[in-house]
1. Using a simple spin-label model with points 7 Å from Cα along the Cα→Cβ vector, what separation in nm is obtained for F14 and Q69?
2. Need one number: nm distance between label points at K93 and Q40, each 7 Å from Cα along Cα→Cβ, rounded to one decimal.
3. To the nearest 0.05, what FRET efficiency results for I127 and I85 with a Förster distance of 25 Å applied to their C-beta separation?
4. How would you rank 74-80, 132-138, highest first, on the average number of other Cβ atoms within 10 Å across their residues?
5. Counting other beta carbons within 10 Å of each Cβ, put I107, I128 in order, fewest first.
6. With r defined as the distance between the Cβ atoms of D60 and S142 and R0 fixed at 41 Å, what FRET efficiency is calculated, to the nearest 0.05?
7. Take the Cβ-Cβ distance between V108 and T134 as r, set R0 to 22 Å, and report the resulting FRET efficiency rounded to the nearest 0.05.
8. With N set to the number of residues, divide the alpha-carbon radius of gyration of the chain by 2.2 N^0.38 Å and report two decimals.
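Just so it is clear, none of the values below were taken in a lab; they were calculated from the coordinates. Computed from a predicted model, the values in this text were never measured in an experiment. No Cβ is skipped: glycine too gets one built from the backbone with ideal geometry, and neighbour counts run over all protein chains shown.
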Amino acid sequence: MPDETEPPRKQYAFKEREFQRDERPASESRPPVTVQGLTQLAGPVTRSGPVPTTSPKAGDPNDVFATLQKNRAAEMNSGGDEIEIKKISSRRKKDYWLMLVGGNVVIVGGSFFVGGIALVFGLAGVIIYSLGLTWVMWQVMSKY
């Protein structure tokens, strides 16, 4: 069985390219264009339409600033601009303290009822319950 010869490998390469020079050498080039030169080439500014006026017409019913001033004057006359700060009691705080105290009383009472080593477990339960309840209520209160 004769050894099969492999065909020669293909050689991949880039073709030689001719580059066309877009920029002229410094000796042939003109001086760089400046902003002043471009404005001179553009010519004078001409307006194609009428000049808009920004001042409102007298008695214009759609003048926004006059309407806002009327609304503000009416609000001040009615006393609507006075602010009263009321302290709002939070039901969540009341619920938190009720659950914290009530749950800890139940855990401590149960550990005293059983006695012995249960006192250590009761203390651990108080810590875990208090931290867990505080974390949960903190998450609930921070969303609202």
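1. 7.1
2. In this crude spin-label approximation the distance works out to 7.6 nm.
3. Details: r = 38 Å, r/R0 = 1.52.
With a Förster radius of 25 Å, E is 0.05.
4. Numbers: 74-80: 9.9, 132-138: 12.6.
So the peptides 74-80, 132-138, ranked by packing, come out 132-138, 74-80.
5. Numbers: I107 20, I128 11.
The fewest-first ordering by Cβ neighbours comes to I128, I107.
6. Values: r = 49 Å, r/R0 = 1.20.
Efficiency computed from Cβ-Cβ geometry: 0.25.
7. Numbers: r = 17 Å, r/R0 = 0.79.
After rounding to 0.05, the efficiency reads 0.80.
8. 2.95
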